[in-house]
Structure formats: structure tokens, C-alpha cells
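Participant: Sharing a structure below in C-alpha cells format, with a few things to ask.
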Amino acid sequence: MKPPVAKRIPHPHQLHGDVREDDYYWLRDRDNPEVIDYLEEENKYYDEIMRPLEDQTEQIYQSMVDRVPDSEVRVPVQYGPFFYYSRMDKDKQYPVYVRKLAASRELLSETTEEVILDLNELAVDDDYLSVTLQRMSADHNLLAYLENRDGTDRYTIYIKNLETGELLPDQIPNVFLVGSVEWSRCGEYIFYVTVDEQQRPYQLWRHRLGSDVSDDELLYEEKDTTFTLFMSKSQSGRFIIIESSSKTTSEIRLIDADSPLSPVQLVDERRDGIEYDVEHWGDDLLILTNEEAMNFQLLRCPIDDLDSREKVIEYNENRYLQAMCPFQNTLLLVGRENGLTQIWVLKDDGLEKIEWDEPLYTVTVIPRQSYHAEEVLVQFESHLTPQTTYGLNLLTGEKHCLHVEPVNGEYDSSSYRQEQLWAVADDGVKVPMTVVYREGALTSGPAPLILDGYGSYGANSDPHFSPYRLPLLDKGIVFVTAQIRGGSEMGRHWYEDGKMQHKRNTFTDFIAAAKYLIDHVYTTPSQMAARGASAGGMLVGAVANMGGELFQVIVPEVPFVDVVTTMLDDTIPLTTLEWDEWGDPRKREDYFYMKSYSPYDNVEAKDYPHMYITTGLNDPRVAYWEPAKWVARLRAMKTDDHTLVLKTNMGAGHFGASGRFNHLKEAAECYAFILDRLGITTDQTISTPR
């Protein structure tokens, strides 16, 4: 079967004196039957290419399924009189959320489990299901949760009576998928955030339980289309925190959860470039802000005097503070130092860092714990250590292990290696990488290697454990993550140096990482694959143009590749919110800079690696037409005979299929393609040297 050929319909764009011919602009019209026909033809071609790899796919899939534990039970987190947790049985697609009523953790084994929400009962066959957020009323009798069945960002609030098991008639549509639902403490009112036509969260509403949704009161509307609206509750439960934010500026308002009809109170009006977050602790508000402190400083003010500011600790430019976790008697801070996540405890003489035994790791404080807790749950993991939950005694500072995520099948961490490497970028900056491999993988010289990255929005790519990666490691595959600029791994400046007019640093950092791995004999171009999703898909898409000769395979998943066209269209979800990240192409300087790296605009008549590209028809973040147009242009222009496939999920969005086993099946297909193009057979394994 020959690959599909999309027809070319010239569509000129002219801006800043520059004429851009877009022959595939017509693919944007999903109501055009020819567009759906083209996507389905691409899916048929994908199926044809993958058919010879069915056995390999099934073998990889089964090796992953074999790593699924018989039962996965999360550590119970105390919230009020209950301990809440989730569990997953081996044969289930979705988790079951449960709770136990117990006076202490030691008594949990003696109490009966109560199921509060079983997602497997909500799911219908293999159709899409997403439940992203759950919020319990103060009396623990009502559960509000968000549900979506089409892959968009428009969710519906359902409220379940846990005493009867019935759903209340209060069903609220058009709610954003995260940061969008909180209860008043009396349980009579629920606050929620809805989205506009572009799926931007922008309106805050108050709903009185039992009343008609049409009577709900609009409390605040974020009219600036470059801002979004999110909501959370303070650790103490005293305040509902309403945050308006762009990529560079924030503004916060408070609602007294004990007085839900009281007016919304502004903490500090927005000022361009100033970001801040707030928490409640005792009689004070804590304020984490970047004002006069790029890596954020900690201030406080009395609740009854929001205009005052007092430093809690001295600012340290080498310590990037990112979150506050106040408990009744102790304050924990979460952030980054020396490229790693850290947790600090506030002491009279400053911050005391919690120490860990491994050189590479990721640590975090489990959210939504009881404000009155004397033992706080923190999680630790690395490339070698499964997610491990510790109880941190806030009085003594001692920590003890409560739970280690099970790994099904044989696993000995001493048979694997993790390390940190540093590549040197074009401008001399050192770029960190984390590496994990099976001992012996590099004994005979260069090895097959998958290099991934993200590098946008200040998001971090930290070490993590995945049991489903073990079968690939056992075949000798080396996994490397490049912590390139555009993330925040090395501090806030790392993000600033990888956005707007510095965005090309993200791509050249990734290329520098690939060259380092080749020069230091970790791999060769014929043995290396690059992989990235969403903005990471844009990353590897740009790298395909700038340095594709370094890779045998490139895997852009739901890739943001038509940067200029998307950023010019403010009717597309998220566009106006992104101008502070990528630039505003209505400005001449931004337009030409973005065009210089946009993967779609820089396709050339040259050889490209094998490429495996995915998208979702209902994706609100990266519209399906971006990868579809890109694939069409690549097919028309590339000069090689390498394989290029486009897989469109016709019933899902940005995150692909729902359900654990459906996710694993998609991952197995992708790995089968990569391994086949790297020349790795599915029965290949390496033994650990003795």
C-alpha cells in the first residue's frame, strides 16, 4: 500500500510582507468529509505498516502487562476522620477510589473499606472516560467529581451522595478539567470554573445545592484572553484561592470558605511580570513571589492587613522555591536546588533540607493532607527506586517508609544503573541529562538509545520509575532524558532562557545532548531515536529539520508543529494564552523568529529519519490538523524512502486512549516501531555481567 497523498490547495497568507503558501490549510475543516477520509486513509496506511509488527507489538504489550501488579494500593491519606486512597486490580482499566473511617493509621487494618467511586463501573466498553478531579464536602457525605467522555477540556460536575450511592440532580456542564471545583465548608455551596468557546477557564460561579444551575451566580470573569482562571483551597480549608494567571503575571482573590456569601477579596492586583502564590498559615497569609527574586522569595502578612509584607527567610538565588505546604505546627517548602527537586522544613534559623540516599531522585509532598497532621506523607522515586511513600514526623524530623509501589515479576535494582550527564550547548551552557540502563548494555560499545525531552512552560522532566520500561531496558535500550532549557530544572532562569526570543536554545540544547551521547560512545545515529509529546513533539519536530541526521527514528506525539498559523488564530483554544510563551506573530520580530523554527514552515527537500506521529481528533490543545498538515508536507517534500506514519485517534484528545491497558497497547505499538527501525528484535535481551 502506498502512503496517502493529500491534495494541495494553495492558500496564501501574507503578514509583515512575507507570503506563506499553505497548500494543506484545507485540512483544518473537520466538517469536510474529505478531511475525515484523508485521516482514515492515513490510519489504514498506519495499520498496513504495523501489520508485520503485530507479533512484536503483542510481545512488548504482554511484557508490560506482566509487570502490572496483582493489586496496586495507594497509601491512605488522612483527610478529616477518613483515610482516602485508590486501588487498581490487575485486570481493571481504571482505579477504584475508597476510604476507611479510622482513628489512626495503625487501626486501618481493623476497619471496613468503603467504595466511593469505581471508574470501571462508569466506563462503557473501550469508550473514552476521564475523571480528573474529586472534591469531598466538609461533612464527607457528598463527593463532587469531574467527568468527560470525548477528550476535550469540557467536563461535567456530578455530585454523589455517599450515604445512598445516588447522584444528585445538580449536574453542571462546561467546567474546566482541573483547578475548577471547591466546596464551602458548610457544604451548602459549591464553586466552579467554566470555559469559554476556546476552552479557556474564565468564569467563577457559585452554586447552591439543590437549586437550578441556571440560577447560579457569576462571581468573577477573567476578561483578559491571555489569562486563565484556576481555583484551589488552602491547606487549612479556611480559604478558597482564586488565581488569574498568564505565563508571566498572576493575581489572586480569596473566598472565605466559612462565609460563602461574602464578597471575593483581592490580595494584590496584577502587575506585569510579577507572579505570586498564597497560602494560609495561622493568622497569616504566606506569599511566594518573584518580585525582586527570580527564583521566588517567601513573605507573609497578617490576614487583616493584606498590604503589609515581611520576609520569612532570606532570599537565596540558588534555591528555586515553587510551592508551600503549611501544617498547623510546621511549614514545608518544595522547590529545586542543583537540578533536583527538594523539600525543606522551616526552622527558626532558616530552611533545613530533607536528605536522601540516592544522587538522582524526585520528591514531593502528597497534596490535600490534613492541616492538623503531625506526620506528613512525602513521596520519593528515582529511575531505580519505585515510588516510595515516607511518613515524615513534623516534631522530630524523622522519616520512615510506609509503602513501596509493587513491581510485578523479577526486579533487582542493583542490575540497573542511573547517572547524570552534562552536555555543552552552543553558547557554553551545561545541559543536564538523566540516564538509565541495564548493567551490561554499554559493555560492547554503543547501544540503542531513546532520547526524550520537553523543554517548555517551565515544566520539568525529572527522574521517575516505570515498571513498564523494564522490558525495554532488559533488551539493552538506554533511556535518556535531556533536561533542556524551557523547563525549570536548573531554576527559573532555565525557563526564561528557553522561551520567546530564546526558544531556539531548547532545540540546540537537545541536539547538543544527542551529539554528546554519540561522541561519548553511548550510541550512534543509526541506533538513536528521539521522542517528545505536545510541546515536546514540537521539540523533536524542529530537531528533525535542524539535526535529523543524528537520529534513525523520531517520534513526535500530538506535536505542536504549525506554530505560526496557530499563534495567529485567536479562535483556537489556548492561542491567546500562549503569546507569553512563544511570542505574538502579529509583531514582526516574533513572527519571523517563530517562523525560523516552526517545524511545518521549515520542511525541506532532504532526507528525514523514520517518523511515527500521533494525534487525536478531539484534541483541544494541539489540533489534529497540525500533525496532519505536517505529515502531508513531509510526504510531498522529503527525499528519503524512510517510513512516515500518522496515527489519528478518532475518539480521543490530547492524552490518547483512556484506560490503563489501552495506554499500554498504544505504548507497545510505538515501541515496536522504534525497535524495528533500530534493528532490535523482540527476543533480544542482555545478561548482567558478574
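The values are calculated or read from the model by the stated rules, or taken from the named source; none is laboratory data. Treat the numbers as computed from the prediction; the structure is a model and nothing was measured. In this analysis, Cβ positions are derived from the backbone assuming ideal geometry, glycine residues included, and neighbour counts consider all displayed protein chains.
Participant: Filter the helices (runs of 4 or more DSSP H) completely within segment 33-126 down to those with at least 2 residues that are polar (S, T, N, Q).
Facilitator: Fully inside segment 33-126 and qualifying: 54-65.
Participant: Residues to consider are 218, 204, 177, 254; find the one that is more than 25 Å from residue 496 (Cα to Cα), surrounded by fewer than 16 Cβ atoms within 10 Å (Cβ to Cβ) and touching a strand residue (DSSP E or B) at 6+ places or on another chain (Cβ under 8 Å).
Facilitator: One residue alone meets the criteria, 218.
Participant: Still on this structure, please answer the following. Which of the residues belonging to segment 172-208 are in a strand (DSSP E or B) and basic (Lys, Arg)?
Facilitator: Correct list: 206, 208.
Participant: Among the residues of segment 378-395, is any of a type in the set (S, T, N, Q), in a loop (DSSP other than H, G, I, E, B) and at pLDDT below 95?
Facilitator: No: zero hits.
Participant: Taking the condition of being assigned to a loop (DSSP other than H, G, I, E, B) and touching a residue at least 12 places away in the same chain (Cβ under 8 Å), how many residues in segment 8-24 meet it?
Facilitator: The qualifying residues number 8.
Participant: For segment 550-650, which helices (runs of 4 or more DSSP H) that fit wholly inside it have 1 or more residues that are farther than 24 Å from residue 177 by Cβ?
Facilitator: Counting at least 1 such residues, we get 563-568, 588-597, 625-637.
Participant: Still on this structure: Residue 392 - would you say it is under 30 Å from residue 69 (Cβ atoms), hydrophobic (A, V, I, L, M, F, W, C), buried (at least 19 other Cβ atoms within 10 Å of the Cβ) and not assigned by TED's automatic domain parsing to the domain that holds residue 542?
Facilitator: yes
Participant: Which ones in segment 559-594 are of a type outside the set (Phe, Trp, Tyr), under 18 Å from residue 510 (Cβ atoms) and in contact with an Asp or Glu (Cβ under 8 Å, 6 or more places away or on another chain)?
Facilitator: Correct list: 559, 561, 563.
Participant: Sticking with this one: Can you confirm whether residue 169 is in a strand (DSSP E or B) and not assigned by TED's automatic domain parsing to the domain that holds residue 665?
Facilitator: For residue 169, the condition - in a strand (DSSP E or B) and not assigned by TED's automatic domain parsing to the domain that holds residue 665 - is not met.
Participant: Inspect segment 185-195 for any residue being closer than 30 Å to residue 573 by Cβ and surrounded by fewer than 19 Cβ atoms within 10 Å (Cβ to Cβ) and give the result as yes or no.
Facilitator: Within segment 185-195, none of the residues are closer than 30 Å to residue 573 by Cβ and surrounded by fewer than 19 Cβ atoms within 10 Å (Cβ to Cβ).
Participant: A further question follows. Consider segment 309-327. How many of its residues are surrounded by 11 or more Cβ atoms within 10 Å (Cβ to Cβ) and outside any strand (DSSP E or B)?
Facilitator: 8
Participant: Out of the residues in segment 139-149 that are crowded, with 16+ Cβ neighbours inside 10 Å and outside any strand (DSSP E or B), which is modelled with the highest pLDDT?
Facilitator: Selected residue: 140.
Participant: Moving to a separate point now. Sort out which residues of segment 405-449 are of a type in the set (Val, Ile, Thr) and either modelled with pLDDT of 95 or more or under 18 Å from residue 680 (Cβ atoms) (or both), and write them in order of number.
Facilitator: 424, 429, 431, 434, 435, 436, 443, listed by residue number.
Participant: Sticking with this structure for a sec: Looking at (1) outside the structural domain of residue 191 (by TED's automatic domain parsing); (2) assigned to a loop (DSSP other than H, G, I, E, B); (3) not aliphatic (A, V, I, L, M), can you tell me which one residue 301 breaks?
Facilitator: (2) is the only condition that residue 301 fails.
Participant: Then there's this: Take the conditions among the basic types (Lys, Arg) and assigned to a strand (DSSP E or B) and apply them to residue 271. Does it pass?
Facilitator: no
Participant: Follow-up. For segment 437-464, what are the residues that are within 19 Å of residue 410 (Cα to Cα) and either outside the structural domain of residue 671 (by TED's automatic domain parsing) or crowded, with 20+ Cβ neighbours inside 10 Å (or both)?
Facilitator: 437, 438, 441, listed by residue number.
Participant: In this structure, does residue 86 turn out to be modelled with pLDDT of 90 or more and touching a Lys or Arg at 6+ places or on another chain (Cβ under 6 Å)?
Facilitator: yes
Participant: Which numbered condition in (1) under 23 Å from the mean Cα position of the chain (by Cα); (2) farther than 30 Å from residue 246 by Cβ is the only one that residue 460 fails?
Facilitator: Every listed condition holds for residue 460 apart from (2).
Participant: Continuing with this model, one more query. Which of the residues belonging to segment 396-405 are part of a loop (DSSP other than H, G, I, E, B) and touching a Ser or Thr at 6+ places or on another chain (Cβ under 8 Å)?
Facilitator: 405, the sole residue that qualifies.
Participant: So in segment 464-521, with the set limited to residues that are assigned to a helix (DSSP H, G or I) and basic (Lys, Arg), which one is farthest from residue 338 (Cα to Cα)?
Facilitator: The selected residue is 469.
Participant: I'd like the residue in segment 392-434 that is aliphatic (A, V, I, L, M) and in contact with a Pro (Cβ under 7 Å, 6 or more places away or on another chain) and, out of all such residues, is nearest to residue 329 (Cα to Cα).
Facilitator: In this case the residue turns out to be 404.
Participant: Testing residue 38 on (1) in contact (Cβ under 8 Å) with a residue 40 or more places away in the chain; (2) touching a strand residue (DSSP E or B) at 6+ places or on another chain (Cβ under 8 Å); (3) over 30 Å from residue 592 (Cβ atoms), one condition comes back false. Which one is that?
Facilitator: (2)
Participant: Return yes when residue 627 is in contact (Cβ under 8 Å) with a residue 60 or more places away in the chain, touching a Leu at 6+ places or on another chain (Cβ under 8 Å), closer than 20 Å to residue 529 by Cα and surrounded by 24 or more Cβ atoms within 10 Å (Cβ to Cβ) and no when it is not.
Facilitator: Considered against the rule, which asks whether it is in contact (Cβ under 8 Å) with a residue 60 or more places away in the chain, touching a Leu at 6+ places or on another chain (Cβ under 8 Å), closer than 20 Å to residue 529 by Cα and surrounded by 24 or more Cβ atoms within 10 Å (Cβ to Cβ), residue 627 comes out as yes.
Participant: Moving on. So which residues in segment 161-213 are of a type in the set (S, T, N, Q) and more than 30 Å from the chain's Cα centre (by Cα), if there are any at all?
Facilitator: Residues satisfying the conditions are 161, 164, 211.
Participant: When residues of segment 470-484 are filtered for being touching a strand residue (DSSP E or B) at 6+ places or on another chain (Cβ under 7 Å), buried (at least 20 other Cβ atoms within 10 Å of the Cβ) and not β-branched (Val, Ile, Thr), how many remain?
Facilitator: 4
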